[in-house]
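Everything on this sheet refers to the single structure shown next.
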Amino acid sequence: MPGPRSEVGLRIAILVVRSLAWAVSWLGIGTLRCLGALVGRLISLGNGRAAFVTRVNVDLVYADKDADWRRNLVRASLEQTAMTLFEAAAMWTWPLPRLTKLLREVEGVGLIQSSCCSTSATGSSSATT
């Protein structure tokens, strides 16, 4: 069973993540993407766990490709992953009107609406078609 110290550490980690998400939420989506790409590129230059695991996986799957091609794929993968994390911070913290301005196209709305309206909590049909 975890002790009080590990609970305090977890609470501090959560506070730090929430604070960072709030801090980057003041930036626009373009800036967040650029920041994510920069962070991803820096990660790809290092030897941390994310870079190591990505390199190993790419090397295993694409052993037939040359080293430059694999290195570019590792960099692009880590850049896209970091960009996703920065964008997720915006999605968690931005108000809905700001988020909806980013929408260009929505597919499958009818499926979602029919799923939400077609069954009740007991699983029986509650909507008419």
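Taking the alpha carbon gyration tensor of the chain, what are the square roots of 5 times its eigenvalues, largest first, to the nearest whole Å? Intermediate values should be presented prior to the final figure.
Details: eigenvalues 242, 119, 77 Å².
So the equivalent ellipsoid measures 35, 24, 20 Å along its semi-axes.
Shown for the chain are the DSSP H helices of 20 Å or more along their axis, judged by Cα atoms, with a mean Kyte-Doolittle hydropathy of at least -1.0: 4-24, 29-45, 67-93. Near ALA50: Cβ cut-off under 14 Å, other residues only, Lys/Arg at +1 and Asp/Glu at -1. The net charge is +3.
So what is the relative contact order of the range 4-102, in percent, for Cα pairs below 8 Å that sit 6 or more residues apart? Mind dumping the intermediate values first?
Numbers: 77 pairs, mean separation 40.8, N = 99.
For the range 4-102, the relative contact order is 41 percent.
In the distance distribution for the range 49-116, Cα-Cα pairs more than 16 Å apart total 65 percent.
Determine the sum of side-chain charges near ARG33: Lys and Arg each +1, Asp and Glu each -1, restricted to other residues whose C-beta is under 14 angstrom from that of ARG33. Before the final figure, lay out each step's value.
Working: positive: ARG41; negative: GLU79, GLU87.
With Lys, Arg at +1 and Asp, Glu at -1, the net is -1.
For the range 1-68, state the semi-axes of the equivalent ellipsoid (square roots of 5 times the eigenvalues of the alpha-carbon gyration tensor), sorted largest first and rounded to whole angstrom.
Working: eigenvalues 199, 98, 12 Å².
Output for the range 1-68: semi-axes of 32, 22, 8 Å.
No lab work stands behind these numbers, since they all come straight from the coordinates. Nothing here was measured: the structure is a model prediction, and the numbers come from that model. All Cβ positions, even for glycine, are placed from backbone atoms using ideal geometry, and neighbour counts span all protein chains on display.
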